Structures are given as C-alpha cells and as structure tokens.
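Input: a single structure, listed below in structure tokens.
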Amino acid sequence: MRIHVFFSGVAVLALGVMAQRMLGKTDGLAFLQGALTLGGGLLICGLFSLKMKWHGLIGAGVLALLGTTRGLGNLPDVVKLVAGERPRGAAPMLELGVTLICLLLLLRVLGALRREKLRRMLEKE
C-alpha cells in the first residue's frame, strides 16, 4: 500500500511537469504549483507511513479525497474537451489524470482501512 502512495505522488508530480511543458506559461505554472503541493503532500504521507503506517495512509487518504473532490469540479471542462471545444487546451485531460490517480488512491486507502478494521475485530474475538 505504501508503494501506491509513493507512486501516486510521483505520478502527480510528473503530470505537473508535463503540464509545464504542454500548457502556456501561466496555466502551466498554476498546474505545476498544484501538482507540487498535492504530489509533495502524498510523498510526505508516504514517508510518514514508514514510521507510523496508519497515520501516513490516513493522511494520504485525506489528500486523495481533497484531490478527487477538486478534480470533480473540473468534469464540465472535460465534457467540453470531448465535445470539441478546447478553450483551455490540454489542461482538462491533465486534471482528469490527477483526479483518477487520487480516486484510485482513495479507494485503495478505504479498502485497506476496512480490512484492518475487520482484522482487528476478528483478533478481538
């Protein structure tokens, strides 16, 4: 599970670097700043999980929840992009990539927490 947190952080950072190269200067810098914030936070949570596993994973889950909800607000732009309107260039597809990465991480963290809860309940009996 920790590997997935690290991979998600690196993937978000990589999308930020791609955005810097693909988009205009202003949009690219804004996307890069967001990617550095989210991806860096995920990497910090991954490092934190090495010492205290569940604290780091829960922190990564919270960041993934924030990234997912922020990305869901960008879905109308993705629909416009698919329809042929491209006022923001490739930015909606990059935002969709970050949203999917965060959603997958969120689901994985929730599954790990459910399994841990079940394990502790069975261990208690």
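Can you tell me which of Ala30, Ala91, Ala64 moves the most in a GNM of the chain? Springs connect C-alpha atoms under 10 Å apart.
Largest GNM mean-square fluctuation: Ala30.
Helix check for the chain. Which DSSP H runs span at least 27 Å along their own axis by Cα, with a mean Kyte-Doolittle hydropathy no less than -0.5? The partial results should precede the final answer.
On the way: long enough: 2-22 (30 Å, 1.26); 25-51 (39 Å, 1.01); 53-72 (28 Å, 0.77); 91-124 (49 Å, 0.72).
Helices meeting the span and hydropathy rule in the chain are 2-22, 25-51, 53-72, 91-124.
Protein chains only, probe 1.4 Å: how do Phe7, Phe48, Phe31 rank by accessible area, largest first?
Values: Phe7 135, Phe48 105, Phe31 30 Å².
Heavy-atom accessible area, descending, gives Phe7, Phe48, Phe31.
Taking all protein chains in place and a 1.4 Å probe, what share, in percent, of the accessible surface of the range 1-118 do carbon and sulfur account for? Provide the component values of the computation, followed by the final result.
Working: 4900 of 6900 Å².
C and S fraction of accessible area: 71 percent.
Give the accessible area for Met18 in Å² (nearest 10); use a 1.4 Å probe, count only protein heavy atoms, and leave out ligands, DNA and RNA.
Looks like 90 Å² after rounding.
Could you give the nm distance between label points at Arg119 and Leu50, where each point is 7 Å from its Cα heading toward the beta carbon?
Using points 7 Å along Cα→Cβ, the separation is 2.1 nm.
Computed from these coordinates, which is Rg and Dmax of the Cα atoms in Å: [x] 16.3, 50; [y] 14.8, 44; [z] 16.5, 59?
Computing Rg and Dmax of the Cα atoms in Å and matching it to [x] 16.3, 50; [y] 14.8, 44; [z] 16.5, 59 gives [z].
Using only the heavy atoms of the protein chains and a 1.4 Å probe, how would Ile3, Ile44 rank by accessible area, largest first? List each step's numbers first, then the result.
Details: Ile3 140, Ile44 115 Å².
Largest accessible area first, the list is Ile3, Ile44.
Given the options Ala91, Ser49, Leu106, identify the residue whose Cα lies farthest towards the positive end of the charge dipole of the range 1-109 (+1 on Cβ of Lys, Arg; -1 on Cβ of Asp, Glu).
Among Ala91, Ser49, Leu106, the one farthest towards the positive end of the dipole of the range 1-109 is Ser49.
Mean-square fluctuation check for the chain, GNM, Cα pairs under 10 Å: which of Leu50, Leu96, Leu104 is largest?
Largest GNM mean-square fluctuation: Leu50.
Could you do me a favour and compute the accessible area per residue for the range 1-70, 1.4 Å probe, result in Å²? Let's see the in-between values first.
Details: 4030 Å² over 70 residues.
On a per-residue basis, the range 1-70 sits at 58 Å².
Which aspartates and glutamates does Lys80 reach when only Cα atoms under 15 Å apart count, and residues fewer than 8 places away in its own chain are ignored?
Here the aspartates and glutamates satisfying the reach criterion relative to Lys80 are Glu95.
The values are calculated or read from the model by the stated rules, or taken from the named source; none is laboratory data. Treat the numbers as computed from the prediction; the structure is a model and nothing was measured. No Cβ is skipped: glycine too gets one built from the backbone with ideal geometry, and neighbour counts run over all protein chains shown. Ligands, DNA and RNA are excluded from the accessible area calculation, which covers all protein heavy atoms including side chains. Shrake-Rupley method; radii C 1.70, N 1.55, O 1.52, S 1.80 Å.
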